[in-house]
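Chemist: Got a structure for you, questions after.
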Amino acid sequence: MTRYYLGLDSSTQSITALLLEQAEENPASTRILIEKSLNFDAAYPEFGTRNGVLPGAPGEAHTPPQLWVRGLEGVLEALKKEGAPLGKVEAIGVSGQQHGSVYLNATAVSKLAALDSSKGLTEQLEGLYSRKTSPIWMDASTSKECAEITNTLGGDSAVCEMTGSRCFERFTGPQIRKFHKTEPENYAATAHICLVSSFIPSLLAGKIVGIDPGDGAGMNLMDVAKRAWNPKALEATAPNLASKLVPIQESDSISGKISAYFVARFGFSPSCVILPGTGDNPASLVGLGLVSGGAIGISLGTSDTLFSYMSNVHTDPDGASHVFGSPTGAYMAISVYKNGSLAREKVRNRHNLSWEDFSGILKRTQAGNQNRVLLPYFDTEIIPRIGKPGAQRYGFSETDAEADVRAVIEAQMTSMSLHSAWMGEKPRRIQATGGASNNREILQVMADVFGVPVLRQETSNSAALGAAIRAQHVLLKENSFEDLSRPHLKTTFTLTPNLEAHRVYGEFAATYKRHEQSYVASLV
Ligand code: ADP
Ligand code: XUL
């Protein structure tokens with residue numbers, strides 16, 4: 001009998017479903033059978049989002065949680081229409097954009113358990129929420145709350161020690177504090193606070209599902225070493241928080257069976273199991289097979305992230321990066337940039353270019369861009385912490401398309417290289433993923449800046465793949481994550497570094513660092 005496992009990734013701009021097919025008792029034979037993505041803005045314009053986010057006050061980034069519900073419904077409808085063997089799926093794993101939170105009122109438990117399969121999912125869940133919109137990872141509006149929590153807990157290092165990161169605006173704890181301060185009545189009416197990655201499994205299981213330590217680490221609320229809520233952090237954040245937070249559940253466990261609603265409506269088997277969800281970055285770590293040292297992953301999605309498996313847990317001395325749990329039970333180090341794909345799109349659109357034109361410019365221009373530098377803060381930035389948008393150009397004008405295109409990519413790669421040095425040894429290779437990893441010329445600059453080969457595997461949806469591999473692993477525990485990710489590591493292409501370009505980037509990095517440091521200093 002052929003076996004099937006489903007991975008779902010609910011990310012910033014889209015939801016992706018990825019179905020794995022395995023010939024019986026032979027995990028090495030596993031292959032991706034179907035990959036299906038729905039872009040939120042294009043598929044559901046009635047929600048009024050742009051790039052998956054509602055227009056709002058400067059610094060604020062919220063999404064209606066019902067859009068994620070509609071997306072889940074839509075992608076399952078699309079799979080069913082394609083004739084995907086949903087009735088044979090044995091387990092479903094979920095990955096979600098990190099930090100985003102969903103606030104449910106006291107009707108949630110009974111509503112989720114009693115869905116009517118003659119009706120759509122979205123229409124039945126209208127009255128489920130105690131907070132109308134969900135703050136997501138792009139929100140930078142909680143500096144005040146970060147300072148308040150940090151003060152109560154005794155400073156940046158104390159918070160970092162307790163939760164794996166100092167307080168960050170997008171992390172869920174500061175977001176919860178802001179909600180409690182600005183909407184005390186709605187906060188009081190909140191019965192359950194979920195993450196995006198625990199909300200989707202809750203819908204599927206028809207009950208509230210716990211938060212896994214991978215995504216829990218992005219909240220400033222969890223003790224990363226103990227993998228348990230930290231009572232002091234909870235107390236410093238908002239009143240009665242312990243009673244509202246869903247429990248932490250080990251990643252490699254089963255939360256329950258799929259609910260009768262999905263069985264009746266989409267033809268799933270009642271024996272299909274649901275796992276606790278995890279963050280898109282921890283899921284990508286598994287999808288890329290980064291379950292031991294040697295390689296790092298770089299995801300060029302809406303956010304750009306650089307992450308690696310961590311054997312020896314230590315934190316970033318600059319406090320800019322994070323330690324998250326890995327779904328394998330180990331830890332991961334991660335640096336996150338807000339000015340990723342949307343910054344590249346800003347430059348591309350400003351000069352009316354297609355991605356092909358953009359790549360053409362990277363191909364014909366010189367490494368180092370004649371020392372012309374862009375600090376790409378089109379939006380606020382996480383690394384380094386930049387509170388006000390404002391891209392800075394040195395040595396060229398914004399009308400110079402060729403300089404601008406090269407500058408944005410060189411800035412992104414150089415910044416990642418500089419700010420990830422704390423993680424330890426230089427990697428032997430980089431595995432690239434995310435939407436922009438389809439662009440070979442961008443990956444060539446990555447290879448040249450880091451001076452190591454860059455591999456692109458068969459899918460750019462490594463988070464959805466990681467979610468599906470987790471689903472497979474929970475039923476086949478005798479197989480290691482390493483074994484289960486191996487069949488997917490065959491690469492589509494490898495880019496080798498050009499040594500002369502790498503030498504040039506060594507000098508360029510010094511210039512870049514100087515501009516970055518003096519700009520950051522000018523803001524204080
Ligand atoms: P997320 O999962 O965060 O929603 P994706 O990983 O799907 O995002 O990446 C989406 C982004 O990929 C788009 O915003 C787009 O800018 C980028 N992208 C897609 N194709 C290319 C390409 N050929 N070159 C550069 N960027 C691309
Ligand atoms: C991770 C982060 C982003 C989101 C995007 O800390 O903020 O990478 O997970 O999906």
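Chemist: Do we find a residue being within 16 Å of ligand 1 (Cβ to nearest atom), assigned to a loop (DSSP other than H, G, I, E, B), at positive phi and surrounded by fewer than 23 Cβ atoms within 10 Å (Cβ to Cβ) anywhere in segment 346-361?
Modeler: Yes, segment 346-361 contains at least one residue that is within 16 Å of ligand 1 (Cβ to nearest atom), assigned to a loop (DSSP other than H, G, I, E, B), at positive phi and surrounded by fewer than 23 Cβ atoms within 10 Å (Cβ to Cβ).
Chemist: May I pose another question? Residues of segment 21-75 being part of a strand (DSSP E or B), in contact (Cβ under 8 Å) with a residue 60 or more places away in the chain and open to solvent by less than 40 Å² (accessible area, probe 1.4 Å), which ones?
Modeler: Correct list: Gln22, Ile32, Val53, His62, Thr63.
Chemist: Let me ask you something else. Residue under question is Tyr337, and the condition is that it be within 14 Å of ligand 2 (Cβ to nearest atom), of a type outside the set (A, V, I, L, M) and either crowded, with 21+ Cβ neighbours inside 10 Å or within 16 Å of the chain's Cα centre (by Cα) (or both); does it hold?
Modeler: When the stated conditions are applied, Tyr337 passes them.
Chemist: If you go through segment 360-390, how many residues are under 24 Å from the mean Cα position of the chain (by Cα) and of a type in the set (A, V, I, L, M, F, W, C)?
Modeler: The qualifying residues number 5.
Chemist: Counting only residues that are over 15 Å from Arg406 (Cα atoms) and crowded, with 21+ Cβ neighbours inside 10 Å, which one in segment 437-459 is nearest to ligand 2 (Cβ to nearest atom)?
Modeler: The residue in question is Ser437.
Chemist: Also, I was wondering about something else. Could you say whether any residue in segment 223-244 is within 16 Å of ligand 2 (Cβ to nearest atom) and in contact (Cβ under 8 Å) with a residue 60 or more places away in the chain?
Modeler: Yes, there is a match, as at least one residue in segment 223-244 is within 16 Å of ligand 2 (Cβ to nearest atom) and in contact (Cβ under 8 Å) with a residue 60 or more places away in the chain.
Chemist: Quick check, is Gly87 at positive phi, out of contact with any helix residue (DSSP H, G or I) (no Cβ under 6 Å at 6 or more places or on another chain), open to solvent by less than 50 Å² (accessible area, probe 1.4 Å) and away from ligand 1 (no atom under 12 Å from the Cβ)?
Modeler: Against the criterion (at positive phi, out of contact with any helix residue (DSSP H, G or I) (no Cβ under 6 Å at 6 or more places or on another chain), open to solvent by less than 50 Å² (accessible area, probe 1.4 Å) and away from ligand 1 (no atom under 12 Å from the Cβ)), Gly87 does not qualify.
Chemist: Filtering segment 124-140 down to residues that are in contact with a His (Cβ under 8 Å, 6 or more places away or on another chain), in a loop (DSSP other than H, G, I, E, B) and open to solvent by less than 10 Å² (accessible area, probe 1.4 Å), which residue is nearest to ligand 2 (Cβ to nearest atom)?
Modeler: Ile136
Chemist: Scan segment 272-293 for residues that are more than 16 Å from ligand 1 (Cβ to nearest atom), open to solvent by less than 10 Å² (accessible area, probe 1.4 Å) and more than 20 Å from Ser321 (Cβ to Cβ) and report the count.
Modeler: Qualifying residue count for the region: 4.
Chemist: Residue under question is Ser130, and the condition is that it be among the polar types (S, T, N, Q) and more than 23 Å from the chain's Cα centre (by Cα); does it hold?
Modeler: Considered against the rule, which asks whether it is among the polar types (S, T, N, Q) and more than 23 Å from the chain's Cα centre (by Cα), Ser130 comes out as yes.
Chemist: How many residues, within segment 294-311, are touching a residue at least 40 places away in the same chain (Cβ under 8 Å), assigned to a loop (DSSP other than H, G, I, E, B) and away from ligand 1 (no atom under 16 Å from the Cβ)?
Modeler: 1
Chemist: Ok, one more. So which of Gly120, Gly83, Gly127, Gly87 ends up being free of Cβ contacts under 8 Å to residues at least 40 places away in the same chain, within 30 Å of Ile32 (Cα to Cα) and out of contact with any Lys or Arg (no Cβ under 7 Å at 6 or more places or on another chain)?
Modeler: After ruling out the rest, the residue left standing is Gly83.
Chemist: Farther than 19 Å from Lys132 by Cβ, at pLDDT 95 or above and assigned to a loop (DSSP other than H, G, I, E, B) - does that describe any residue in segment 178-201?
Modeler: No, the conditions are met nowhere in segment 178-201.
Chemist: Counting only residues that are in contact (Cβ under 8 Å) with a residue 40 or more places away in the chain and either open to solvent by 10 Å² or more (accessible area, probe 1.4 Å) or among the hydrophobic types (A, V, I, L, M, F, W, C) (or both), which one in segment 320-331 is farthest from ligand 1 (Cβ to nearest atom)?
Modeler: Gly329
Chemist: Still on this structure, I have one more. Of (1) outside any helix (DSSP H, G or I); (2) more than 30 Å from Val273 (Cβ to Cβ); (3) of a type outside the set (Asp, Glu), Ser460 satisfies all except one. Which?
Modeler: (2)
Chemist: Within segment 58-67, is there a residue that is aliphatic (A, V, I, L, M), closer than 29 Å to Asp139 by Cα and within 16 Å of ligand 2 (Cβ to nearest atom)?
Modeler: Yes, segment 58-67 contains a residue that is aliphatic (A, V, I, L, M), closer than 29 Å to Asp139 by Cα and within 16 Å of ligand 2 (Cβ to nearest atom).
Chemist: In this structure, does Gly214 turn out to be in contact with a strand residue (DSSP E or B) (Cβ under 6 Å, 6 or more places away or on another chain) and part of a helix (DSSP H, G or I)?
Modeler: Yes, satisfied.
The values are calculated or read from the model by the stated rules, or taken from the named source; none is laboratory data. In this text, all values refer to a predicted model and were calculated from it rather than measured experimentally. So basically every Cβ, Gly included, is an ideal-geometry build from the backbone, and we count neighbours across all protein chains shown. Areas reflect the complete protein model, heavy atoms only, side chains present, ligands, DNA and RNA absent. Shrake-Rupley method; radii C 1.70, N 1.55, O 1.52, S 1.80 Å.
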